[in-house]
Every structure is written in C-alpha cells, then in structure tokens.
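All remarks here apply to the structure that follows.
The values are calculated or read from the model by the stated rules, or taken from the named source; none is laboratory data. Keep in mind the model is a prediction, meaning the values are calculated, not measured. Here the Cβ is made from the backbone with ideal geometry for all residues, glycine too, and neighbour counts use every protein chain on show. We work out accessible area using only protein heavy atoms, side chains counted, and drop any ligands, DNA or RNA first. Shrake-Rupley method; radii C 1.70, N 1.55, O 1.52, S 1.80 Å.
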There are 2 protein chains.
Amino acid sequence: MIRLFIDQPLAPGTCLKLDEKQSHYLLHVMRLGPGDALLLFNGRDGEWRAVMQPAKKGAAGVEVAEQTKKQDVPPDLWLLFAPIKRGHGDLIAEKASELGASRLLPITTRRTVVGRVPVARYRSIATEAAEQCERLSVPEVEETQPLAKLLEKWDPKRVLLFCAEAGEAKPIVEVLQDLKPGPLAVLTGPEGGFVEDEFKLLRAKSYIRPVRLGPRVLRADTAAIAALTLVQALKGDWAA
Amino acid sequence: MIRLFIDQPLAPGTCLKLDEKQSHYLLHVMRLGPGDALLLFNGRDGEWRAVMQPAKKGAAGVEVAEQTKKQDVPPDLWLLFAPIKRGHGDLIAEKASELGASRLLPITTRRTVVGRVPVARYRSIATEAAEQCERLSVPEVEETQPLAKLLEKWDPKRVLLFCAEAGEAKPIVEVLQDLKPGPLAVLTGPEGGFVEDEFKLLRAKSYIRPVRLGPRVLRADTAAIAALTLVQALKGDWAA
C-alpha cells in the first residue's frame, strides 16, 4: 500500500488536503480515486489508514480512518557526514534514513570544497526512504555547518563515533560493546580525509571515540552505512 | 599512489606489459612516465611496488621492484544477490568488494525478470573497488544462475544467511554469535521479495539460517551491505 509522510496532525475522522507534489503523485502517478486507501504518518501520531476523497481543484483530499501502528521512539542516533561527490551524499541520505538515523548533519571540513550542499534534496530523499522502509518518522536534515563549529556546542553526553581512516582507533565492535546506553552519533570524513589540525581537534574531545572499520579502506559512504548498521544491530533497535 | 590489479605473476625484476585499458589509464589519464612508481597486486603474490618503463607502441610497461604487502587469505564469504534495477546491482558489486566478499553470485529468482545481467560490468566495478580499498584480491564474479540450481549443488558446510524480509527469522547478531568458524554466504532477495515456493525451498535447507535485519524494511542493496558488514565485524577480518 502507498505510504506517505505528511506534516499534519493525524486523528480519526480528520480530513486533510495534500500538497501539490503528493496530490500529483496520488492522482496522476498512482491514479488513486475516491475510496482508495493509503497509509500516512507524521512522526508523532503513529501510522494511520486513510481513504481518498474526491479531489478539489487538483488537490487530493483524504479522510483519516484508523491507526495501524502506534508511534515509536526511534533511537537517538545522529550522522555527521561531509558530502563531496553528488551521488555519495544522496546515497548516504537514503541509507541513513533506512537504517533509522534520527538526524543527518552535513558538515564542511578543511578538505570539503563543495559548492552548495543540496540539503533540500537530502530531505526529499530521506523522506522517500522513510516512506518505503516503514519508519514512523523522518530524519531531520540540518543545514550544512563547519565541523569545528558543531563541536563547539556539542553535548558531551552524546558519544561520537569517529570513523578514523588513519591513526589510533579501536575496532568499532569493541567500542560499541563497552558503551553505556545513551545518545550516539557517527562521524565520517570527506573522501580526502581530515587534515592534521582536525585530527588533533577530534582526538582532544572526551566524547569522541575513534573507531576502526576493518582492514580495508572504506569510502566515506560505505563507512557511514557500515557504522550505522553496527550501531543499530548492537546498541540500537535491531535486537527486538 | 596508483594501485592496480593485474592478472600476471609478480616477482622482483619481472617486466610486465599492461593491457590497453590500464595503459591508457596510466599514460593518458594519470600521465605517468618512466621512473614513476605504482602498486600492483594479483590476488596471489601480495602487493608490489613497480616502476614505469618507457612505453612501447602505446603499451605501458613496468618493472616489478619490491613487495610492499604479503598476500593474505581473505575471509571465505560469498554474496548471492538478485539484481533488478541497474544502479542497485552496481552498488552491490562495489560495496561487496570493499567489504571483502570473496565471491559474488548474481542469481535469478521467480520475481527477477531482468534481461542480461551485466556480469562484465560488475567485474570491472568490483576490481576498481578492490584497487581503491587496498584489498589484495578481487572478488570472483560468477555468471548469473537460477537460485534453485545453485542450491542443488550447495556444499552444506557453507552456512547461508538468508536476509528474510518476512516470516520467522532470528536477529542476525544472534545467529552470527552462535556460528562456528567456517565458510559463509549471504543471500538477499529481489526487490519484490521471494515467492511462497522459494520461501519453502529456502526454509527446508539445513544450512540456511533466516536472519532479520532490524525493524525497518531494507532495500535489497542495503540489506546486502548491512549483512556483509555484520559478518565481517563479528566473524570476519575486522577484529584485527
């Protein structure tokens, strides 16, 4: 069944008007008509079955019927990544959403000389992945900010797993097994790696744990996917 | 430094002629000249530093100098996957190579109605990923075969982790922790999932362990990457 994220309150009997993009998708791509059912979620009220109403002036309308899933509280897991190549950032946004990250934070580093980071596109990709993978929420996608600035206001209670491609680091499984429950974040660097100053900064913070992801040199996107997988499988919501 | 896979014996003092594609890459893309160094590996003799010789009739020549890494024995880990969408198969070939899979086996299932599976392209993608991630071998990429036929001649000593999107399955971490050391394989289904007959076949085999990859519905490519990551991190070569 079609499953859409909608940023409106969901309650039984409520009638909702969908925006232009979703109306087009439902009416013209999927060709739904009055009486057809779909699923809606908004990140707060769980998942609901809704029924299509007659369209008005091109806008699709739905009536919310009954709840199909209760809202869960997703793991508090952030991903900090430095997008360089276009495809890599898109892939990271999609896979991080599927793997249940709660917040995506694109960062700039000394070696990220990108033009505009396409944050709006990341939001759209992450939302579509959430719709398809049956999440009950969509990860927040922040505006790009410099890594150093982000770390200045960091809450030290949130452990940051730093996927280090060089220097001293423990195997990620070992680090995860020793962690107490609590908010987590994963940091992967840009394709060219971090510069020496950044390494120093990262290694000086008590909340940062440098982790190693095996003997091969993983690309930044692979490292992000692998680290999120291990966090979820060993400390996140995969145990259920 | 440039790092290339070459299917020729590597020993000190040996002079090698590179093929047209690699010659073009070294001479015209990377613009190497006589005296420039690069790294070579062939999956058998470890990694070697080699030095460019003057080109002859457009073919690059190198002289093998000294060994830079001894050959390792990579984990015996196969990946069976059902490629449907073009990009997904490419992504799986790249990431499986980075994650150290030893053999890639594209399969057809009842719901894979693909035309020709681009096995040659998968080989080229897997080789390039191996060159970049500093592997000492390149995964074998087999010709496509029907899943049922492949299972007929399966060695039951090789446990097959079946990423089940439905039905009874244990969390993958639990299954991995209970496994004795030995050859392994991962199976991910096509985007549309398996049909009931296939499920029955898969569940009837003693060497197949249905595994669950968390509460969200992962795409086939994400499932392959996540399962390979967990195998390597918990049972493979990440512990070193």
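Placing +1 on each Lys and Arg Cβ and -1 on each Asp and Glu Cβ, with no other charges, gives the stretch B:68-227 a dipole about its Cα centre of roughly 220 debye. Projecting the alpha carbon convex hull of the stretch A:1-159 along each direction and taking the average yields 10.6 nm².
Taking Cα atoms only, the orientation of helix B:220-234 departs from the longest principal axis of chain B by about 80 degrees. Chain A and chain B together bury an accessible surface of about 3000 square angstrom, both sides counted, with a 1.4 Å probe and no ligands or nucleic acids included. Distance between the modelled labels on B:Lys170 and B:Ala120, one decimal in nanometres: 4.4 nm (7 Å Cα→Cβ projection). Once both labels are positioned 7 Å from their Cα atoms along Cα-to-Cβ, the gap between B:Leu39 and A:Val195 label points is 2.5 nm. Using a Gaussian network model of chain A in which every pair of alpha carbons under 10 angstrom is joined by a spring, one finds that among A:Trp78, A:Trp48, A:Trp154 the greatest mean-square fluctuation is at A:Trp154.
Efficiency by 1/(1 + (r/R0)^6): what FRET value for A:Arg203 and B:Asp237, r their Cβ-Cβ distance, R0 = 22 Å, to the nearest 0.05? Walk me through the intermediate numbers first.
Values: r = 26 Å, r/R0 = 1.16.
Efficiency computed from Cβ-Cβ geometry: 0.30.
Using the rule -39500 (n - 2.57) for each DSSP H run of four or more residues, divided by the residues of chain A, the 222 nm mean residue ellipticity is -8500 deg cm²/dmol.
Put simply, when A:167-178, B:90-101, B:188-199, B:225-236 are sorted by average Cβ atoms within 10 angstrom per residue, most first, you get B:90-101, B:225-236, B:188-199, A:167-178. Farthest towards the positive end of the charge dipole of chain B, among the residues B:Gly43, B:Thr108, B:Pro9, is the Cα of B:Thr108, using unit charges on the Cβ of Lys, Arg, Asp and Glu. Would you please state which residues of the stretch B:97-139 a label at B:Met30 would reach in this model, taking the label point 7 Å out along Cα→Cβ and a backbone N cut-off of under 19 Å? Taking a point 7 Å out along Cα→Cβ of B:Met30, the residues of the stretch B:97-139 whose backbone N falls under 19 Å are B:98, B:124-139.
Quantify, in whole percent, the carbon and sulfur part of the accessible surface of chain A (1.4 Å probe; protein heavy atoms only).
Details: 5850 of 11170 Å².
Carbon and sulfur: 52 percent of the exposed surface of chain A.
Please work out the FRET efficiency for the pair A:Ala148 and B:Glu63, using the Cβ-Cβ distance as r and a Förster radius of 45 Å; give the result to the nearest 0.05. Computed FRET efficiency for A:Ala148 and B:Glu63: 0.45.
In degrees from 0 to 90, rounded to the nearest 10, what is the angle of the helix A:86-98 Cα long axis to the longest principal axis of chain A? Helix A:86-98 sits at roughly 70 degrees to that axis.
Which three numbers, in whole Å and largest first, are the semi-axes of the equivalent ellipsoid of the stretch B:77-234 derived from its Cα gyration tensor as √(5λ)? Can you show the working numbers first?
Numbers: eigenvalues 97, 70, 43 Å².
Result for the stretch B:77-234: semi-axes of 22, 19, 15 Å.
The Cα center of the stretch A:87-162 and the Cα center of the stretch A:212-235 differ in position by 15 Å. Report the normalised scattering of the stretch B:3-69 as log10 I(q)/I(0) at q = 0.16, 0.17, 0.22, 0.29 Å⁻¹, calculated by the Debye formula with identical scatterers on the alpha carbons. With no solvent term, the Cα-only Debye profile gives -0.44, -0.50, -0.85, -1.41. Rounded to the nearest Hz, the phi-derived 3J(HN,Hα) couplings of the stretch B:124-141 under the Karplus curve 6.51 cos²θ - 1.76 cosθ + 1.60 (θ = phi - 60°) are 5, 5, 5, 5, 4, 5, 5, 4, 7, 8, 6, 5, 9, 8, 10, x, 5, 10, where x marks glycine and proline.
A Cα-only calculation for the protein assembly as shown places Rg and Dmax at 24.2, 81 Å.
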